[in-house]
Each structure stands twice: as C-alpha cells, then as structure tokens.
Amino acid sequence: MWIASPAVGSLHSTTPCPYLRKPFHLDKGVKSARLTVTALGLYECEINGQRVGDEIFAPGWTDYSKRVMSRSYDVTSLLKTGDNVLGAILGDGWYCGYMGWWNKRENYGDRTKLMAQLDVVLADGKTVSIATGSDWKTAEGPIRESDFFMGEIYDARLEFGSWSSPGFDDSEWNLCRVEKEVPDISIEERLGPPVRRQEEIKPINRRVIQNGKQVRFIYDLGQNFAGWIRLEVRAGQGRSLRLRFAEILDPKGDIYTENLRSARATDYYICKGEGKEVWEPRFTFHGFRYVEVEGATEADEVAIAGVVVHSDIKPTGSFRCSHELLNKLQSNIVWGQKSNFLEVPTDCPQRDERLGWTGDAQVFIRTAAFNRDVSGFFRKWTRDIRDAQGENGSVPCVIPNVIDGDLAKRDGGPAWSDAAIICPWTIYLCYGEKQILTEHYESMQRYLDGLIKNYCKDYIRSHWQADPWGGFGDWLALDGSGKIEGGTPKDLIGTAFLAYDAGLMAKIADALGKVDDARRYEKLHKEIAGVFRRRFVTPDGLIASGTQTAMVLALHFGLVEGEARKLMAETLNRDVRNRGFHLATGFVGTPYLLEVLEENGYLDTAYKLLEQESFPSWLFPVKNGATTIWERWDGWTPEKGPQDKSMNSYNHYAYGAVGAWMYRSVAGLEVDAKEPGYRHVIFRPRPGGSLTWAEASLETAQGTVKIRWDKVPEGLKLDLTVPEGSHATLEPPEGFGPARSLKAGHHQIVLKV
Ligand code: BGC
C-alpha cells in the first residue's frame, strides 16, 4: 500500500524530505531476498545502513496519473539473522515539485508516497514479507527542501546517524499515513535505462573574492553539464554555504543566472562542524559550468568536484576529422545529449523547463542514435508519447504532459507532435527492432487520422480548423522575419510534415508486412504532396514565403519534382550564398539543410556552412568558448552579450542535429532502411571543404562499423570495417567510380579519380 509522511507543503512551498523506516526481525538465515519498490516522487532505499541499488531519481518519470515504474532488487546480501531495518528517503521530483512551468508545485499530487515490499526466503524455506503499511514510521531529517528547479537545502546538524540500522531510537518519529486516495494506476517494471552518476569533473579554475573575513569562490568546471557538485568542507558548526550554479559569467566575472528564470538553482549546506564533511545533494540537479560558493570564511577549507548525471545511455559512436573546431562541435553535441537525456529527452537542463519537448527530440533523435545507445531510452519515451495522446489522436508539445493552460490541451503542432511517428521510425531504422513499430502502430495511425480529421482541410494542415494557433513554426529562425517563429508559413510546415508522416507510415506498414496499409499511405503521401504543390509551389519552383526552411522541407520531403526541384535547389543555394554562407533556419529547417544541399548537388555550399565561423553558424559558439550547443544562434554576441534572459539556454541539443550529417556524409556512415540496424551498411563518404580526413565508428547489434578516409595524392584512401552479420555497399563520391559491394571484414581501398 502507498504510505506517506503526514507533513504536506502547499502550492508554493515544499516540505522537508521525509525519512521512513521499518524495523523487522528475521529468526533464521536468509536464502534469498528481493525488494520491490516504487514511489510517487523519488525514492532512495537503505537496508541496514546500506544504499539499495545505484539509480538516481528512481523510479523515473512517467505520467503518474496512468503509470509508475518500479524496480526489483536482489538484497540478499544486505540482510542478516536478527534485527534488520528497511528505510527510504523521498523527494518531490517530477511528482510534486515545481516542474511544469508556472512556478507552482503538485502536478500530480500533494505529497510524495512510497510503496515497497520485501520478500525474504529464509534458510528453512519459510517466507517473510515486509510491506509498506501504517506501522512504518517517519520523520523530517537534514534535507530541508529539495526540488529540481530550486535546489536542495541540507542541514547537516539534523542528521540522524544510523537511522536505517537496527538499534536506532525512533520513538520520536511519527506513524506514516496510509494513502487511500491514490488512483488505481499501473505499476510496472522500469522500462529504459535509469539515471546514474557517470563521471566526475575537477574544476579548472577557482577565483577567490575576498569580502572582509568572508570569502566567495567562483569555480569553473570547464564544461557545461547536468548534475551537481560534491562539496568537501571543513568549517564551524552552523556555517551555511550557499552554492549557486550558472552556465556563463557576466562581464565582471560573476555568475550569470538571469537565464534560469524562476529556477532558483541554489543549494545550501549547513555544516555540522565535525572535521571534514563531504556532501552531495540527493534529489536535485543543475545545468551549469560555473559554481559560486558563498558564506565561507578565510579559515574554512572548501573544495568541490562536478558530478555528471544522466540516463545510462552507453556510448556507441565516435566522429573525428581533420578540422579541430568541428571536433569540438562534435564534443559539444555529445555534451548537449548527455545533459539532456535525463529520464526524458529534455530541451535544457538549467532553467525552469527541463521538459520533454517533442520537436526538439524529433530533430535530434537521429544524431542521438549515433552517439549513444538510445534504443531503450526512446522505447520508454515513445510509450510516454502514447500515454499523453489525446482522445482525438493528438500529441501534446511536451511529454509527459505537465504544462498548464491551453498548450497542454493542444496538439503540439507541426514538427513537434510529428515526433509520434518520426521517433519510433528512427529507432527502428537505427536499431532494426520491429517491436517499437508494432507497439506504436495503432497510436501512430490514430495520430495521423486525427490530424487529417481535426487539423486539416483538404490536407492543408491549417491548425486553425480546430485551433487558431498553428504550432511553433520554424522556431528561432533568423530568417529576417523578426518573429520568434520565423517567417515560414505554419500551414506550409504543417502540410509538409503531414506528407512526411504519410510517407513514413507507408514505410512502417511495409516493414510490418501490412501491404494494403502501405499502399494506402503511399497514395495518401502522393495526394498530400500534390496539394502541397498546388498551394505553395509555382511550376517554376518558387515557394510561398521563399524562406530557406520552406525550400528545405519541400526538397527534403520529396514534395517537388523535375524542373521545379532543380530551380528550387538553385534558389536555396543562391540564398545561402547571398547570406555569406550564414545560417538563417530555425529548429525545423536546420536539421535537413546540409543534406538537402548535398543531395541537390551543392556539397560545396554545405561545407561552407559547416565550416563557417562567423555569426550565425555552428562554429560561432565554438569559437566563443561554448562547450555545449546553444538554444539560439544569437545566444551571445560580442555586440549584445547574452540574449534576452526570458529564453536563452546554453545547453539545448536541437541545433546539434547537424551531428547526423557529420556521421552520414562527412565521414560517410549510413543505414539502409530495407535492412535496418546496419545489417546493410552504406559507406558514402563525401569529402569536401578544407577536410583532409574524417572517421566514424559505431557499435551496432552486429558489431563495430568503421570508416576512415584520407585524401592521398592518388585520390581517396579508405579504411572500412564491416562487422560479421552485416554486408556493405561502398558508394564513392562523385567521380570516384561505381558503387561496390563489400562483405564482412576489414577493407583498405584506394579510390582513384
Ligand atoms: C523550449 C524549446 C521548445 C519550445 C517550443 C521552448 O521554451 O525550450 O526547445 O521546443 O519552447 O517552441
């Protein structure tokens, strides 16, 4: 049964984290024991003073009004004959913390709750079960407050000592409340990788600012990331240290926190004053590179280390080339991914948002699947998408859907809600597992049917049919429109994505052997493409609005053909040149821009954009010290400094979607949709720009795939590895001869011009 502390916060204030404990006696030795546990909120369990498991923020985030995940641990070795104690600490987390935008708590419920069951088989075969119930006791402890956005307040003077061990006096503790009102939600084994601590970072610099006897430190960890710090301190009892976190410094060298909006992102540690104290927070995380520690005196000893946490997605891919700034860009993309793959794919890890924005995830998923194994991560999140789907099939803009107001009820809009089809398809493509398609087929169909029925008129996806809003447009494009949503018409973006959805559904139906459906979706795709052309494209290949993103979508989704296609590609190329090879596209157009240029014969232009160092470009932030991907091209400029504080993160992965092009075209590692999961590898290096070599490798289900090319006097030297169980095709760059098939093994080939 669910139990909780009697203490409760309010919509605008939290309660201290409750500690819960249950002593019990085992009169025989233990043969085996399993603890199954879950919480509404976050839990950390202990048995006899030892932590159970190594997950962070367990049990993870799902739509708690529908389901919560649980975990089962083998705890045989933690128990003993005689007295034992099972304990838990609870944190607000996503359940009743401030998560969800409007600076208000309690998205799902008013207090954290625990459910646990310990099943023990004794040496004599008898079984004993200890479950959460009204006989559990609870008390407030040293964690006075803990929230993802706000931070953690820890008063070490209030530590209990061995509270989860036998012999501890809990006579002052209260009895737990049995929570009878919790709706009957599904409790299921965890899906996807849990969050774990990953690595530690040492500061590269510490600035000491003296103020009388007080000192303030500003640490630079050298890398923007998500996690927290480990604090080591030697100071007097009651000394209170305030820790604040920031992504950048202001011109005076102080931490810049304005872009965190309402996220206080501040931890406090109050010393107990007994020698060296080592502390890490439990139920919060921050997105930061710099840390300010305030409140110490000259005599105190203070040291910190950064602790990086994210979902346990294993590294799979690597990309390197002869251009050092591009290598740094790749590193920034990976750090953007690590910082934002935290239980769900979030937009950013620092401000009061940290939400599963569908659009961001959709544009980045292909890149993500190169860098790390994200198959389990997305199997879980695509289930979250299904859970959030509305009755009319619509998919909201953030998942789990925790935002308030109109946005929460709306379909997420073009390029956002389409994640419902794009994400399962991409996971299938990259990992070859059909299951994700089978699981989502019905919901993807419902989504597309609903779009056509409720948000389209004659296949023009003009959201105003059901809703005048129309979506986020080409979010953050610098296309001269002066609008945050860019100048590409929303119905153009919508109809283009509708056609793309239909085309993907045809491929999905084919993969699942649903031949009739596949033909039906192909026909639908053709019809939508026809409608798109009629409405938005002239026979000469001019397109409504004339923005780069309009052209990129039409070209990438195969919505223009023949001469019109040629002319449109020419216009796009000219527009890029006219802008001096600077970027003008937003979230929607940018991910496909280089691919479209390449496909249409403008590889040179693609490389000029990629290697561009002046604003706006991918390398401009890199040149200016970025260690992650910025949310906006103009997140910081020498003229203006930081962008408007109301929306300016320095750790958003969306524009890092260019990573996929670096793997697929710069290095040349491609998958074949007909034999997904790299059972058929396509090597298609497209050398260009100033690059003299590039290489990529990828761990696939078949084994490691590798490519390296070097420009040599004779032509192009290739080093290729095809794993057992795969075969490959080499598609040389133009002018280097015909395609050739390759068997599993290692191949060294010199392609002559
Ligand atoms: C988020 C985005 C998101 C957008 C919707 C922002 O606040 O950070 O990345 O996609 O809203 O347009």
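Data table
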item: Segment 612-633 - residue that is touching a residue at least 60 places away in the same chain (Cβ under 8 Å) and within 15 Å of the ligand (Cβ to nearest atom) and, of those, nearest to V658 (Cα to Cα); result: I629
item: Residue check for E485: closer than 29 Å to Q612 by Cα and open to solvent by 10 Å² or more (accessible area, probe 1.4 Å); result: yes
item: G486 vs. criteria within 16 Å of the ligand (Cβ to nearest atom), at pLDDT 95 or above and part of a loop (DSSP other than H, G, I, E, B); result: yes
item: Residue ranges of strands (runs of 3 or more DSSP E) in segment 664-753 with at least 2 members buried (at least 21 other Cβ atoms within 10 Å of the Cβ) and on the phi < 0 side of the Ramachandran plot; result: 669-671, 680-683, 693-700, 703-712, 715-722, 727-730
item: Residue in segment 461-482 that is modelled with pLDDT of 95 or more, open to solvent by 30 Å² or more (accessible area, probe 1.4 Å), closer than 22 Å to G558 by Cβ and in a loop (DSSP other than H, G, I, E, B) present; result: no
item: Residue within segment 547-562 that is of a type in the set (D, E, K, R), more than 16 Å from the ligand (Cβ to nearest atom), over 26 Å from the mean Cα position of the chain (by Cα) and not in a helix (DSSP H, G or I) present; result: yes
item: Test: G513 is on the phi > 0 side of the Ramachandran plot and either outside any helix (DSSP H, G or I) or crowded, with 21+ Cβ neighbours inside 10 Å (or both); result: yes
item: Scan of segment 332-354 for residues that are on the phi < 0 side of the Ramachandran plot and more than 14 Å from the ligand (Cβ to nearest atom), ordered by number; result: N332, I333, V334, W335, Q337, K338, F341, L342
item: Members of segment 115-153 that are of a type in the set (S, T, Y), open to solvent by 20 Å² or more (accessible area, probe 1.4 Å) and touching a residue at least 24 places away in the same chain (Cβ under 8 Å); result: S134
item: Failed criterion for N454 (all others in (1) open to solvent by 10 Å² or more (accessible area, probe 1.4 Å); (2) at pLDDT 95 or above hold); result: (2)
item: Residue within segment 177-196 that is more than 24 Å from R67 (Cα to Cα) and either crowded, with 17+ Cβ neighbours inside 10 Å or in the same structural domain as L342 (by TED's automatic domain parsing) (or both) present; result: no
item: Boolean, R684 is under 25 Å from the mean Cα position of the chain (by Cα) and of a type in the set (D, E, K, R); result: no
item: Among the residues listed as G295, G287, the single one being modelled with pLDDT of 95 or more and over 27 Å from D644 (Cα atoms); result: G295
item: Residue that is most open to solvent (accessible area, probe 1.4 Å) [pool: residues in segment 91-114 that are more than 30 Å from D27 (Cα to Cα) and hydrophobic (A, V, I, L, M, F, W, C)]; result: W102
item: Sole exception among (1) within 26 Å of K507 (Cα to Cα); (2) within 16 Å of the ligand (Cβ to nearest atom) for S649, by number; result: (1)
item: Residue ID - nearest to the chain's Cα centre (by Cα), chosen from residues in segment 412-442 that are crowded, with 22+ Cβ neighbours inside 10 Å and not in a helix (DSSP H, G or I); result: W416
item: Positions within segment 177-204 being among the aliphatic types (A, V, I, L, M), assigned to a loop (DSSP other than H, G, I, E, B) and over 30 Å from R21 (Cβ atoms), in sequence order; result: I204
item: Meets criteria (hydrophobic (A, V, I, L, M, F, W, C) and either under 26 Å from S545 (Cβ atoms) or within 16 Å of the ligand (Cβ to nearest atom) (or both)) for L669; result: no
item: Number of positions in segment 1-59 that are over 26 Å from L158 (Cα atoms) and assigned to a loop (DSSP other than H, G, I, E, B); result: 6
item: Matching residues in segment 355-368 - criterion: being surrounded by fewer than 24 Cβ atoms within 10 Å (Cβ to Cβ) and either within 10 Å of the ligand (Cβ to nearest atom) or closer than 14 Å to E699 by Cα (or both); result: L355
item: Candidates R34, R21, R51 - the one that is open to solvent by 60 Å² or more (accessible area, probe 1.4 Å) and either of a type in the set (S, T, N, Q) or closer than 26 Å to D169 by Cβ (or both); result: R51
item: Criterion: more than 27 Å from S545 (Cα to Cα) and either open to solvent by 30 Å² or more (accessible area, probe 1.4 Å) or away from the ligand (no atom under 16 Å from the Cβ) (or both) - qualifying residue of G641, G580; result: G641
item: Complete set of residues in segment 286-296 that are open to solvent by less than 10 Å² (accessible area, probe 1.4 Å) and either without any contact (Cβ under 8 Å) to a residue 40 or more places away in the chain or under 31 Å from the mean Cα position of the chain (by Cα) (or both); result: H286, G287, F288, V291, E292, V293
item: Residue count for segment 297-344, restricted to those that are without any contact (Cβ under 8 Å) to a residue 40 or more places away in the chain and assigned to a strand (DSSP E or B); result: 1
item: Candidates C430, C423, C456 - the one that is within 15 Å of the ligand (Cβ to nearest atom) and touching a residue at least 40 places away in the same chain (Cβ under 8 Å); result: C423
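Conditions tested, residue by residue: (1) modelled with pLDDT of 95 or more; (2) assigned by TED's automatic domain parsing to the domain that holds A701; (3) open to solvent by 10 Å² or more (accessible area, probe 1.4 Å); (4) within 16 Å of the ligand (Cβ to nearest atom).
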residue: F370; (1), (2), (3), (4): yes, no, no, no
residue: G376; (1), (2), (3), (4): yes, no, yes, no
residue: K380; (1), (2), (3), (4): yes, no, no, no
residue: E391; (1), (2), (3), (4): no, no, yes, no
residue: V402; (1), (2), (3), (4): no, no, no, yes
residue: R410; (1), (2), (3), (4): no, no, yes, yes
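The values are calculated or read from the model by the stated rules, or taken from the named source; none is laboratory data. Not measured: the values here are computed from a predicted model. Here the Cβ is made from the backbone with ideal geometry for all residues, glycine too, and neighbour counts use every protein chain on show. Just so you know, the surface numbers come from the protein's heavy atoms only, side chains and all, with ligands and any DNA or RNA stripped out. Shrake-Rupley method; radii C 1.70, N 1.55, O 1.52, S 1.80 Å.
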